[in-house]
Amino acid sequence: MNMTGIIFSEMYGEDLGVFTHDRNLAAIPFGGRYRLVDFVLSNMVNSGINNVGVLAKQHYHSLMDHLANNQEWDLNRKNGGLLLLPPFASEAVNHNNRGKLDELRNALNYLENANTPYVLLADAYVVYNMDYRPMLQAHIDSGADVTIAATRVEDNPGAFPSVFQAGRSGRITSYALNCTARTGDYAGMGALIISRQLLTSAIREYTARGIYHLERDFIQHQFNRGQLSLNLYEFKGVCLRIRDVNEYFQNSMAIINEEVGGPLFRGDRPIYTRVTDEVPTYYGPACSVSACVIADGCSIEGEADHCVFSRGVRVGKGAKLKNCIIMEGSVVGENVELENVIVDKWANITAGAELKGLTTNPVIIRKGATV
Amino acid sequence: MIERKKECIAMLLAGGQGSRLYVLTEDTAKPAVPFGGKYRIIDFSLSNCVNSGIDTVGILTQYQPLELNDYIGNGQPWDLNRNFGGAHVLPPYTRAKHSDWYKGTASAIYQNITFVDRYNPKYVVLLSGDHIYKMDYHKMLEFHKEKGSECTIAVIDVSDAEATRMGIMSTDDNMAITDFEEKPKHPKSNHASMGVYVFTWEVLRQYLIADEEDPNSENDFGKNIIPAMLKDGRAMYAYPFQGYWKDVGTLDSLWQGNMDLLDPSDPLNIHDPNWKIYARNYASPSTRIDPAAKVSNSLISEGCIIRGKVEHSVIYTGCIVEEGAAVTGAVIMPNTIVRKGADVNYAIIGEQCVIEENAVIGEKPPAGGDPFSHNGIAVVGHKKTIAAGTVVKAKEII
């Protein structure tokens, strides 16, 4: 494969509040057994990319722990494989995310030693199942400097980090950042292909001048000056963007549906994740489970409707859960009633507790908390 | 130069056909038969080894080894990918003279004396890959050392009726073995051999060589090696084991073993985080339970889509139960599809089967009775398609 993958594991302006207090965005649990990073990482592996660098800046212990055995993504390679790229110690003093170019500077050595002509840059906050090979082919065929993956905005216009208009050939004619898209516009998916040569020279040139914003200061700026040709690669599958708690909640609920969950978890392009050797989930004699996504190692004795359970969740007798996301190892006691609640890992909801959030504003229980 | 050595290694006999599992072992060895939702039978012995601190395991294969070889791979799922030691699959091989299949369990170990000698171990644990149990072999090894034993056999106490079907040890008060009988009509004791042995390798080695030279020997541990050692008055002890242990070598016991996992008292203690059972994991998504589904008292592994009714059942990885289908008291092995309106009762369905619409498999027990009593298990072998509307009766094997 003539492409190296780079994954941005941080936030860049997105806000997932309490979930990112002690983990970075890429390590947020999603869809039962997964973490957000699993999706782009598996996409890369399934596209034949076997050089992947994961950029991380802050509280990346959780991510390191998750990726430690890169064997599960088949990335324990002699040549290439997976490399976590934290900042050099001397760079770590400035703890703000100044921009992607700043982080890419930490990967400069890695990129210069990668022997592939192309680089794929991908954000971890977007969940989709995509083969990058046709995108690379389209990039090569178009002769553009940069090819950006995007979905067409249909009837649900909203604000997106990047919004494009493109001609019939796919050539991008307008590029806006952080603005509202209209029907027929395209919204970026946080994935782009660029030649390694062009990327490394941009990193060097821009960071030397104290300019760190990849999209605004380099791509958009050069595009507006007519110095950079951009092509759009339209992705027609399921694409879930997770930029705040509300989107996290809505999209977690969405994967319960066949139309969303089916194409995301397809047999020919599996999503890989860390193996934890849990026992299959036990459904008790009196349980009632409907419209749920459930990982291994759970024990469910109560009622659950429209819920997502990570590994090792325990739901006691008489508990009633509706529209809830319960993360790894959390315990929901007997006769607890929860509606529109997100429970982070290893929390304990003691017997009889009642919590109710709104669909637009779910209640969040912090990691390890006792309620 | 001082050579590296291991104190103790394990040899796991995984070459048996398991003919009493009929269609389930037609194309695969018994230890590779799926069990308990996501495991295979061999996972229990392998995980016991690792959890007991044994990091070198020779796995002796002979009958239909392809699936087992694939499954073991480099041993990584059990943490047995080691620089020195680890999991080694040992099939029979040809040599300059006297090439042979593994004629019996003793012959299998005899032919791999070179393998064992490479690690120069003081002790060898001999296991069979066809039982479901959790056991600390390290404690048994300590017992072996304390007693000054040369051969220690793990025993579990069974009823008189069961004793007539098993290898029975008689012991003195000190647990020294005084007598050994295979399937006795009138058992003298209730200590049944579990097929778990600790040998002092130096001693076993001599007996293996002598046994191979004896043209009249069947080259079997139970029939030849153990009686020969007893006759010579070797130091032999029985190690009493308490806990769950199940031979899943018959269709009924395999079904029962699966159902035991639904017992709320969890006799196997399968959830113990300090004694995990490891298995090779495949990348399957979390299980999806649709709104139309009804699930109760069941174990369901990952990668399943459940739209029908499932009760008192164990559903393995990657199965689909469509709407209107009902599955009761069934063991459904990986990647099987139960189509709309199909009715599966008290059955074992093999891997990658398709149960077409409205097919009826097995029989329901009389209403109101014990949900686990039945008129016999219906069995469908691996990769079979049961045509729409077909009826498969209880006790039928397809």
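Points to keep in mind about this one:
- Residue match in the stretch A:128-147 (condition: without any contact (Cβ under 8 Å) to a residue 40 or more places away in the chain, among the hydroxyl-bearing types (Ser, Thr, Tyr), out of contact with any Ser or Thr (no Cβ under 7 Å at 6 or more places or on another chain) and surrounded by fewer than 21 Cβ atoms within 10 Å (Cβ to Cβ)): no
- Restricting A:296, A:344 to those that are within 23 Å of residue B:276 (Cα to Cα), in contact (Cβ under 8 Å) with a residue 40 or more places away in the chain and within 25 Å of the chain's Cα centre (by Cα) reduces the list to A:296.
- Scanning the stretch B:14-55 for residues that are away from every other protein chain (no Cβ under 14 Å), in contact with a Ser or Thr (Cβ under 6 Å, 6 or more places away or on another chain) and buried (at least 24 other Cβ atoms within 10 Å of the Cβ) yields a total of 2.
- Within the stretch B:298-318, the set of residues being in contact (Cβ under 8 Å) with a residue 60 or more places away in the chain and within 19 Å of residue B:255 (Cα to Cα) comprises B:299, B:300, B:301, B:311, B:312, B:314, B:315, B:316, B:317.
- When residues of the stretch A:283-321 are limited to those that are of a type in the set (Asp, Glu) and surrounded by fewer than 23 Cβ atoms within 10 Å (Cβ to Cβ), the one nearest to residue A:272 (Cα to Cα): A:305
- Taking the criterion of being among the hydrophobic types (A, V, I, L, M, F, W, C), under 26 Å from the mean Cα position of the chain (by Cα) and at the interface with chain A (Cβ under 8 Å from one of its Cβ atoms), the residues of the stretch B:278-309 that qualify are B:279, B:283, B:299, B:300.
- Scanning the stretch A:283-297 for residues that are at the interface with chain B (Cβ under 7 Å from one of its Cβ atoms) and in a strand (DSSP E or B) returns A:283, A:289, A:290, A:291, A:292, A:293, A:294.
- Residues of the stretch B:272-318 satisfying the condition of being among the polar types (S, T, N, Q) and either buried (at least 23 other Cβ atoms within 10 Å of the Cβ) or closer than 30 Å to residue B:135 by Cβ (or both): B:274, B:281, B:284, B:286, B:287, B:297, B:298, B:301, B:313, B:317
- The lone exception for residue B:327 - which of (1) assigned to a strand (DSSP E or B); (2) within 12 Å of another protein chain (Cβ to nearest Cβ) it fails: (2)
- Residue A:174 free of Cβ contacts under 8 Å to residues at least 40 places away in the same chain and out of contact with any Ser or Thr (no Cβ under 8 Å at 6 or more places or on another chain): yes
- Among the candidates A:235, A:249, A:309, the residue that is aromatic (Phe, Trp, Tyr) and under 17 Å from residue A:33 (Cβ atoms) is uniquely A:309.
- Top-ranked residue in the stretch A:247-273 [being in contact with an Asp or Glu (Cβ under 6 Å, 6 or more places away or on another chain) and of a type outside the set (S, T, N, Q); ranked as farthest from the other protein chains (Cβ to nearest Cβ)]: A:271
- Residues in the stretch B:86-133 that are free of Cβ contacts under 8 Å to residues at least 40 places away in the same chain and small (Gly, Ala, Ser): B:86, B:96, B:99.
- With respect to (1) within 30 Å of residue A:263 (Cα to Cα); (2) at pLDDT 95 or above, the lone exception for residue B:255 is condition (1).
- Check on residue B:309, touching a strand residue (DSSP E or B) at 6+ places or on another chain (Cβ under 6 Å) and basic (Lys, Arg): yes
- Checking residue A:58 against (1) assigned to a helix (DSSP H, G or I); (2) surrounded by fewer than 21 Cβ atoms within 10 Å (Cβ to Cβ), the condition it does not meet: (1)
- For the stretch B:245-265, the condition holds for at least one residue, the condition being that it is more than 14 Å from chain A (Cβ to nearest Cβ), of a type in the set (S, T, N, Q) and in contact with a strand residue (DSSP E or B) (Cβ under 8 Å, 6 or more places away or on another chain).
- Selection of the stretch B:182-216 for residues being assigned to a strand (DSSP E or B) and free of Cβ contacts under 8 Å to residues at least 60 places away in the same chain yields B:182, B:191, B:192, B:193.
- Top-ranked residue in the stretch A:322-339 [being in a strand (DSSP E or B) and touching a residue at least 60 places away in the same chain (Cβ under 8 Å); ranked as surrounded by the most Cβ atoms within 10 Å (Cβ to Cβ)]: A:325
- When residue A:341 is tested against (1) of a type in the set (A, V, I, L, M); (2) more than 14 Å from chain B (Cβ to nearest Cβ); (3) over 18 Å from residue A:249 (Cα atoms), exactly one condition is not met: (3).
- Residues that are part of a helix (DSSP H, G or I) and within 13 Å of chain B (Cβ to nearest Cβ) within the stretch A:14-42 comprise A:38, A:39, A:41, A:42, listed in sequence order.
- Checked against the criterion of being hydroxyl-bearing (Ser, Thr, Tyr), modelled with pLDDT of 95 or more and assigned to a helix (DSSP H, G or I), the stretch B:239-252 contains not a single residue that satisfies it.
- The residue list B:70, B:27, B:43, B:79 contains one member that is without any contact (Cβ under 8 Å) to a residue 24 or more places away in the chain and among the acidic types (Asp, Glu), which is B:70.
The values are calculated or read from the model by the stated rules, or taken from the named source; none is laboratory data. All values reported here derive from a predicted model rather than from experimental measurement. Cβ atoms come from the backbone with ideal geometry, glycine included; neighbour counts cover every protein chain shown.
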